[in-house]
Amino acid sequence: MAKATITFEDINVTVTVPAGTRVIEISEKVGSGITYGCREGDCGTCMMKVSEGWNNLTEPSVLEDKILRENYAGKHNRLACQAQVLGGSVSVRPA
Amino acid sequence: MSAARIVQAVAQREAIPLSPRVHWVGALDPGLRSFDIILKTANGTSYNAYVVRGSHGVAVVDTVKREFSADFFARLEQVAEYDEIKAIVLNHLEPDHTGALPELMERAPNAQLYISNKAQMMLKALLKRENLAFTTVDTGDRIDLGDRSLRFLHTPYLHWPDTQCAYLAEEQILFSGDVFGCHFCDARLFNDFTGDFRFSFEYYYAHIMRPFRDFVVRALDLIEPLPLGLIAPAHGPILRDRPSDYVKRYRELASPRLKREIHPGEKTLLVFYISSYGNTARMAEAIHSAAQEISGVRASLYDLEGGDTETFADLLEEADAIVLGSPTINGDAVKPIWDLLSSLTVIDMKGKLGAAFGSYGWSGEAVRMIEDRLRGLKLRVPLQGVRVKLIPTPEEILQCHAFGRALGEELMGRREARVIDMSDLLTSQYSA
């Protein structure tokens, strides 16, 4: 299976994951400050800043775009419960 | 109007003037003793709604709890015709402010709803209607009523995501929603007439606004530059006597209390423990002394048996890291730990460093349970806590030292970068 890496900058940990992994699945286990509320892309709690590898994440859905807008997200922000890593490396931290 | 005249007018369901063009059309709920389950209300509360009349139309700011709709409509009808109402401003959608909204929308078909961006989903969930028409507004957006206008301030999370304020510049009146409000029912309405509501004001801040301290600060940055002649909150006395004092008080309450005690560049790490036979206490001392050795860490050690939960909660608000030690008794962490953890819902703990440890007799669930709770409070918990069976051996005390050092280094951002595989997380759940 294709591998990818996610670096959680707030705790300085890089995790090797299978492609397709949602960021939130790892961030809560590894103890990063990217925390979740609803896990359904509705509340905006898990907003994160993507410092590197934006294009290595799945495109935001219409729903995620809407929630990002409602939460005044910056252009480098995504929801960890929605974004899946496609490959390569991605660096994130709590927004 | 004298205080006695206001009391009489309120009882007769009259609208009460704040100025010739602005009226209070709210309702009093003197019998309420518990609000939203979590708040005590020794003096009941009020649901404040207001009407603003401009030369080209009328705006209604907020409504009341549904059971009090009759009071609201009776007052409203004295100062406005329904077809004159051009705008309904909803500063906060909680049902105690929107209970009369469906009825008002029926009665005032020309009115446009003005809500914050984040209120959209809530409005739909509240009204359960398709094809709802509304306008979302942000800081700087205005409603033009001719010779009066309302300007919006985006002040989210005070205390729901949707909250906002509206400012009537021509009269220097701020319709602040729940901000600067309190649960205090007094028919004299204005703060220069009512009884002493200082306790209620502070209590309301502590329970409703304190969890959102960062958002309070951002809101104050928007509010402080405004000339303020009067603050019209959604609960409690209308603040026309020295309104700026209440803004200043919010600034004080939202400012770090212990900031000056800590040197720049230092970070605080608090170790709290409770111990039956001194074993968890010995672990706590080891973790504390090792964390203290890391330069920049200001570590403190507290026995939960020796203090009050509320005082500790104040400390935790200012802390950068919190480490909790508990024995396991009957498969659980002990009550003083849960008391402390449940008190943290009124504090913004997001992103602080959290950790747990403890001695146990045979099963030792407490440490993992505390870690789960810390994660639930949105702390980061990157280090797996130390668990020791009964009396710690010298090696286990060394393990506690290593844990304390790692916590100190993590806090100061000095831990070395680590690379792990996802499968490691399945077994350890941690990056350590």
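With the convex hull built on the Cα atoms of the stretch B:245-337, state its orientation-averaged projected area in nm².
With the hull built on Cα positions only, its mean projection is 7.5 nm².
What shape does the stretch B:3-254 have by the C-alpha gyration tensor, where a ≥ b ≥ c are the square roots of the eigenvalues, rounded means a/c under 1.5, and otherwise prolate means a/b greater than b/c and oblate the rest?
Taking the square roots of the gyration eigenvalues as a ≥ b ≥ c, the stretch B:3-254 is rounded.
Please give the total accessible area that chains B and A bury against each other, computed with a 1.4 Å probe and expressed in Å² to the nearest 100.
2200 Å²
Roughly how many Å² is the accessible area per residue of the stretch B:293-341, as a whole number, for a 1.4 Å probe?
43 Å²
If Lys and Arg each add +1 and Asp and Glu each add -1, what is the summed charge of the other residues whose beta carbon sits under 15 Å from the beta carbon of B:Phe72?
Overall, the nearby charge balance is -4.
In a shell of Cβ-Cβ distance under 11 Å around A:Thr14, excluding A:Thr14 itself, what net charge do Lys and Arg (+1) and Asp and Glu (-1) give?
That sum, taken over residues with Cβ under 11 Å, equals -1.
Out of every Cα-Cα pair in chain B, what percent are more than 40 Å apart?
In whole percent, the share of Cα-Cα pairs in chain B beyond 40 Å is 34.
In sequence order, what are the phi-derived ³J(HN,Hα) couplings for the stretch B:285-291 according to the Karplus relation 6.51 cos²θ - 1.76 cosθ + 1.60 with θ = phi - 60°, rounded to whole Hz, with x for glycine and proline?
In residue order, the calculated couplings are 4, 5, 5, 4, 5, 6, 5 Hz.
Within the stretch A:10-51, list the residues whose amide N lies under 19 Å from a label point set 7 Å along Cα→Cβ of A:Lys66.
Under cut-off, by backbone N: A:37-47.
Under a 10 Å cutoff between Cα atoms, tell me which one of B:Thr45, B:Thr135, B:Thr98 has the largest fluctuation in the Gaussian network model of chain B.
Fluctuation is largest for B:Thr135.
In whole Hz, with x marking every Gly and Pro, tabulate ³J(HN,Hα) for the stretch B:78-84 from phi via Karplus 6.51 cos²θ - 1.76 cosθ + 1.60, θ = phi - 60°.
Rounded to whole hertz, the list is 6, 10, 7, 7, 4, 6, 7.
Choose one answer from B:Leu344, B:Leu220, B:Leu127: the residue with the largest mean-square fluctuation in a GNM of chain B with alpha-carbon springs under 10 Å.
Among B:Leu344, B:Leu220, B:Leu127, the largest mean-square fluctuation in the Gaussian network model of chain B belongs to B:Leu127.
5 Å is the cut-off here: which amide hydrogens, built 1.01 Å from N in the peptide plane, fall below it relative to B:Arg298, excluding neighbours closer than 5 in sequence?
Under 5 Å from the amide H of B:Arg298 lie the amide H atoms of B:Lys267, B:Thr268, B:Leu269, each far enough along the sequence or on another chain.
Calculate for chain B the 222 nm mean residue ellipticity that helices alone would give, adding -39,500 (n - 2.57) per DSSP H run of length 4 or more and normalising by residue count, nearest 500 deg cm²/dmol.
Roughly -9500 deg cm²/dmol at 222 nm, from the helical runs in chain B.
Just the number please: accessible area per residue for the stretch B:1-82, 1.4 Å probe, all protein chains included, in Å².
Accessible area per residue, the stretch B:1-82: 42 Å².
In nm², what is the average projected area of the convex hull enclosing the Cα atoms of the protein assembly as shown?
26.6 nm²
Using a Gaussian network model of chain B whose springs link C-alpha atoms within less than 10 Å, name the residue from B:Gly364, B:Gly408, B:Gly265 with the highest mean-square fluctuation.
B:Gly265
In whole percent, and with a 1.4 Å probe on the protein chains, what portion of the accessible area of the stretch B:69-109 is carbon and sulfur?
47 percent
Classify the stretch B:131-224 as rounded, prolate or oblate from the Cα gyration tensor: take a ≥ b ≥ c as the square roots of its eigenvalues, call it rounded if a/c is under 1.5, otherwise prolate when a/b beats b/c and oblate if not.
In terms of gyration-tensor shape, oblate.
About the Cα centre of chain B, how large is the charge dipole given +1 on each Lys and Arg Cβ and -1 on each Asp and Glu Cβ? Please answer in debye to the nearest 20.
200 debye
Rounded, prolate or oblate for the stretch B:1-105? Axes are the square roots of the Cα gyration tensor eigenvalues, ordered a ≥ b ≥ c, and the cut-off for rounded is a/c under 1.5.
Taking the square roots of the gyration eigenvalues as a ≥ b ≥ c, the stretch B:1-105 is oblate.
Express the Stokes-Einstein translational diffusion coefficient of the stretch B:267-428 in µm² s⁻¹, to the nearest whole number, given a Kirkwood radius over alpha-carbon pairs, 10 °C and a viscosity of 1.306 mPa s.
102 µm²/s
What number, in percent, do you get for the relative contact order of chain A if the mean sequence gap of Cα pairs under 8 Å and at least 6 apart is divided by its residue count?
Relative contact order comes out at 41 percent.
At a 1.4 Å probe, what is the % contribution of carbon and sulfur to the accessible area of the stretch B:186-228?
Exposed carbon and sulfur together represent 56 percent of the surface.
Taking θ as phi - 60°, what are the ³J(HN,Hα) couplings along the stretch A:48-53 by the Karplus curve (6.51, -1.76, 1.60), each to the nearest whole Hz, with x for Gly and Pro?
Result, rounded to whole Hz: 10, 9, 9, 7, 9, x.
Per residue, how much accessible area does chain A have with a 1.4 Å probe, in Å²?
Result: 43 Å² per residue.
In chain B, if the dipole is taken from +1 on Lys/Arg beta carbons and -1 on Asp/Glu beta carbons about the Cα centre, which of B:Val271, B:Gly236, B:Gly146 is farthest to the positive end?
B:Gly146
Using a 1.4 Å probe on the protein chains only, how many percent of the accessible area of the stretch B:267-428 belongs to carbon and sulfur?
About 52 percent, which is the carbon plus sulfur part of the accessible surface.
I'd like to know which of B:Asn43, B:Leu93, B:Phe215 lies farthest towards the positive end of the charge dipole of chain B, counting +1 on Cβ of Lys and Arg and -1 on Cβ of Asp and Glu.
The listed residue farthest towards the positive side: B:Phe215.
For the stretch B:54-147, what's the relative contact order in percent, using C-alpha pairs closer than 8 Å and at least 6 residues apart?
35 percent
What residues does the stretch B:346-390 have that are buried by at least 30 Å² of accessible area in the full protein assembly compared to the chain on its own, 1.4 angstrom probe?
Listed in order, they are B:Lys350, B:Arg375, B:Lys378, B:Arg380.
Could you please state, rounded to a whole Å, how far the C-alpha centre of the stretch B:145-210 is from the C-alpha centre of the stretch A:63-95?
Taking the Cα centre of the stretch A:63-95 as reference, the centre of the stretch B:145-210 is 34 Å away.
The values are calculated or read from the model by the stated rules, or taken from the named source; none is laboratory data. No experiment lies behind these values; they were computed from the predicted model shown. Cβ coordinates were reconstructed from backbone atoms using ideal geometry, including for glycine residues, and neighbour counts include every protein chain displayed. Protein only, heavy atoms only, side chains kept; ligands, DNA and RNA dropped before computing areas. Shrake-Rupley method; radii C 1.70, N 1.55, O 1.52, S 1.80 Å.
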